[in-house]
Amino acid sequence: MRKIAVVGRGTAGSLAAASVTRLHPDSDHELHHIYDSRIPVIGVGEGSWPSLVQELRQLTNLPHETVQQRLNGTRKYGVAFEGWGRRNQDFIHYFTPQQVSYAYHLSADTMTELLHESSRARHIDAKVLDITRVEGGAQVEFENRTTERYDLVFDARGFPRELHPDRHIEISFIPTNTAVIRRCPAIVTEDPNGPILQHTYTRAVARPHGWIFVLPLTVHTSYGYIFNRDVSGLAEVESDFDAFLETDGVSEFEQRSVIPFPNFVHRRIYDGAVARIGNAAAFMEPLEATAIVSAQLQIGMVLQIRLNRPAENLERDAPVVNRFLVNNTLRYGLFVGWHYSCGSRYDSEFWRHGRDHAWPRYRKAADPARVDCDALRRFDEMIELMRQTVIDKSDWNRMCAVPLTSYCQVSQGLGC
Ligand SMILES: Cc1cc2nc3c(=O)[nH]c(=O)nc-3n(C[C@H](O)[C@H](O)[C@H](O)COP(=O)(O)OP(=O)(O)OC[C@H]3O[C@@H](n4cnc5c(N)ncnc54)[C@H](O)[C@@H]3O)c2cc1C
């Protein structure tokens, strides 16, 4: 494990490069950080989970306060759902312990900058044509450069061009596939003397064509309309977005991008020599901000195994790590898809599609025979647990990607 490559300089690749720098015990290891500056990063991804707070502190060696300010960040204590479910009641999904544990709302570009400062790597600006496993490692083939061989390669090249059933598991029970991103003026006031301590929440507001996220940063507020382009046209979504901003009192905005996205997990995230991470490994719509936390897990597990286990275990470890990562992503997928199972305050085509057509596919899509893991059984167990009249104390810490407390809050809030 002396020569490592990270391909991609988005959030996932930058996290991997900083993690290798921090965790590799030999300071003379060789790390190549490869990216093609002509291919842009996604650059959204502004909500997170509490584990990122600790991780950024460790990776940067900076105090929490400094990290938060560098990220233009606010403290996210959970997600505030508006108009979801059958109760017609707004509710908050708090991190646990409630009002104590927080994550960041952050600017994606400042996070990658911060991570680059914490990485020690040789930077190579070149297009990668292929990454393949070879005896004892992996090789990276470049455009206009000679091929290089590495002991481990992190592939963080972003979304796959297309999904293929042999390589990808489609999370078809999540009913959205496109985002419109807008940037609006900040609604929290920056404090020149220190980080903002105010508790903030990502708002997830149900709308006729999907839902809108509202993420407060100190420099701007990020808005995104998440919808299904096969159900609603872009023009009607933009028009409803305008109406929403108007009622929210936002008079100006900058149109950022329209991003189509797949909901999927790669069947082979890690094979012992190549580790797919970030959007190259898996993605699902951002309702519960599961992308950065998944990248953290992918990078952390692969590095811990490769740095701490004897090399002779490599072939045996790889499928175990891979199955764990696929399993965990599918569990996130089931948790996120379940949010659509009770509809919303809108009886629109989108919400009927989500509740009556997309979500009911979950049993078939996550069938263990198709996905080679027990995510569905674990999800069923959580639902079963919540049906009991008394939840035994020994079950309070049960998890299925997220803790039982998260399931209970969402179940109560949605009314299902
Ligand atoms: C609408 C939306 C909202 C989101 N919100 C959240 C959120 O709130 N929270 C969250 O955790 N996540 C969120 N995400 C996910 C977030 O986008 C990802 O976590 C993050 O962008 C990780 O992307 P990445 O680094 O995997 O890929 P990218 O950002 O796509 O980076 C890919 C990198 O690979 C390089 N590259 C690509 N091809 C080649 C090649 N052939 N050769 C060399 N280099 C190459 C590119 O130059 C680039 O540097 C959101 C995503 C979307 C679409």
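The values are calculated or read from the model by the stated rules, or taken from the named source; none is laboratory data. Note that this is a predicted model, so its numbers are computed, not measured. Positions of Cβ are backbone-derived with ideal geometry, glycine not excepted, and every protein chain shown enters the neighbour counts. Side chains are part of the model used for accessible areas, which takes the heavy atoms of the whole protein and leaves out ligands, DNA and RNA. Shrake-Rupley method; radii C 1.70, N 1.55, O 1.52, S 1.80 Å.
The table that follows gives values for the structure above.
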| quantity | calculated |
| --- | --- |
| Label zone at Ile391 (point 7 Å along Cα-to-Cβ), backbone N below 11 Å, region 31-69 | none |
| Whole-percent carbon and sulfur share, accessible surface of region 300-416, 1.4 Å | 50 percent |
| Cut-off 12 Å, label 7 Å out along Cα→Cβ of Lys127, residues of region 28-66 by amide N | 36-39 |
| Of the trypsin sites (Lys or Arg not before Pro) in region 79-126, those whose Cβ has at most 15 other Cβ within 10 Å and which sit in DSSP loop | Arg86, Arg87, Arg120 |
| Neighbourhood charge, 12 Å Cβ-Cβ cut-off, centred on Val214 and excluding it, Lys, Arg +1 and Asp, Glu -1 | +2 |
| Relative contact order (percent, whole number), region 8-88, Cα cutoff 8 Å, 6+ residue spacing | 28 percent |
| Listed residues Met386, Met284 arranged by accessible area, highest first, probe 1.4 Å | Met386, Met284 |
| CD proxy at 222 nm, helix term only [per DSSP H run n ≥ 4: -39500 (n - 2.57); per residue of the chain; nearest 500] | -9500 deg cm²/dmol |
| Set of lysines near Lys127 by C-alpha distance (under 29 Å), chain-local residues within fewer than 8 positions excluded | Lys3 |
| Rounded percent of accessible protein surface that carbon and sulfur make up, region 191-260, 1.4 Å probe | 50 percent |
| Shape call, region 350-414: gyration tensor on alpha carbons, a/c limit 1.5 | oblate |
| Point-to-point label distance, Ile187-Arg87, nm (Cα→Cβ direction, 7 Å offset) | 2.2 nm |
| Accessible area per residue, Å², the chain with all protein chains present, probe 1.4 Å | 44 Å² |
| Radius of gyration and Dmax over the Cα atoms of region 273-416, both given in Å | 17.1, 57 |
| Local electrostatic count at Ser118 - Lys and Arg +1, Asp and Glu -1, tallied over other residues with Cβ under 13 Å | +1 |
| Contact order relative to length of region 151-242, as percent, for alpha carbon pairs under 8 angstrom and 6 or more apart | 29 percent |
| Equivalent ellipsoid dimensions for the chain as semi-axes, Å, which come from the Cα gyration tensor, largest first | 33, 26, 22 |
| Normalised contact order of region 3-326, rounded percent, pairs of Cα under 8 Å and 6 or more residues apart | 22 percent |
| Shape category assigned to region 316-396 from the gyration tensor of Cα positions, a/c cut at 1.5 | oblate |
| Trypsin sites (Lys or Arg not before Pro) lying in DSSP loop within region 218-313, provided at most 11 other Cβ fall within 10 Å | none |
| Candidates per chymotrypsin sites (Phe, Trp or Tyr not before Pro) in region 209-307, loop by DSSP, up to 11 other Cβ within 10 Å | none |
| Among beta bridges that DSSP assigns inside the chain, antiparallel share in %, nearest 5 | 70 percent |
| Estimated inter-spin distance, Arg2 and Gln99, nm [label 7 Å along Cα→Cβ] | 5.6 nm |
